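**Student:** Here's a structure for you.
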Amino acid sequence: MKDEIAKIIAMVQEGKINPDEAGELISALKSDQTDSTPPKSSNYLGRTLKIRIQSDEQENVNVNVPVKLIKGLLKMGHGIAANIPQAKKYADDIDIDLLISAIDNEITGKIIDVKSDDGDSVEVYIE
């Protein structure tokens with residue numbers, strides 16, 4: 001969708017369409033995306049997103065979040081983690097958009113598996 005919006009903005013800059021027309025096109029794109037998102041089953045909403053961070057320095061972190069709360073918490077939590085010096089190196093390796101896409105598509109199992117050269121690891125999965 002980002003590519004389509006960029007094309008619409010370019011069309012405005014080139015004078016091919018006006019800003020009002022661009023707004024209508026972007027609204028239509030967002031509407032199409034919302035309509036094509038599959039509804040989540042109640043079974044899926046009962047699952048849990050699990051984040052496991054293992055460190056050689058014994059600074060291990062385990063986080064469990066119910067799927068039905070994830071979208072709101074993911075962006076907020078990632079922003080907070082990115083501002084904590086000890087967590088920043090891990091937060092930078094987590095693609096929040098990938099997680100949200102996995103949730104929207106009701107993916108289960110391991111989603112992210114990051115291992116550093118010094119033995120630290122980050123795993124994210126939905127069970």
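**Student:** Among the residues of segment 84-111 satisfying the criterion of being small (Gly, Ala, Ser) and exposed (fewer than 14 other Cβ atoms within 10 Å of the Cβ), which is farthest from the chain's Cα centre (by Cα)?
**Tutor:** Looking only at segment 84-111, we keep the residues that are small (Gly, Ala, Ser), and these are 87, 91, 101-102, 109.
If we keep only those that are exposed (fewer than 14 other Cβ atoms within 10 Å of the Cβ) as well, we get 101, 109.
Working: Ser101: 6, Gly109: 16 Å.
Once the filter is applied, the top-ranked residue is Gly109.
**Student:** Picking from Val67, Val124, Val114, which residue would you name as being of a type in the set (A, V, I, L, M), farther than 23 Å from Tyr44 by Cα, surrounded by 13 or more Cβ atoms within 10 Å (Cβ to Cβ) and at pLDDT 80 or above?
**Tutor:** Val114
**Student:** How many residues, within segment 58-83, are more than 17 Å from Ser121 (Cα to Cα) and over 16 Å from the mean Cα position of the chain (by Cα)?
**Tutor:** Residues that pass the stated criteria total 1.
**Student:** Still on this structure, I have one more. Could you go through segment 70-92 and let me know if any residue there is at pLDDT 80 or above and either within 29 Å of Lys7 (Cβ to Cβ) or assigned to a helix (DSSP H, G or I) (or both).
**Tutor:** no
**Student:** Out of the residues in segment 14-36 that are surrounded by fewer than 10 Cβ atoms within 10 Å (Cβ to Cβ) and either modelled with pLDDT of 80 or more or of a type in the set (Ser, Thr, Tyr) (or both), state the one that is farthest from the chain's Cα centre (by Cα).
**Tutor:** Gly15
The values are calculated or read from the model by the stated rules, or taken from the named source; none is laboratory data. All values derive from a computational prediction rather than experimental measurement. Heads up, the Cβs are rebuilt from the backbone with ideal geometry, glycines too, and the neighbour counts pull from every protein chain shown.
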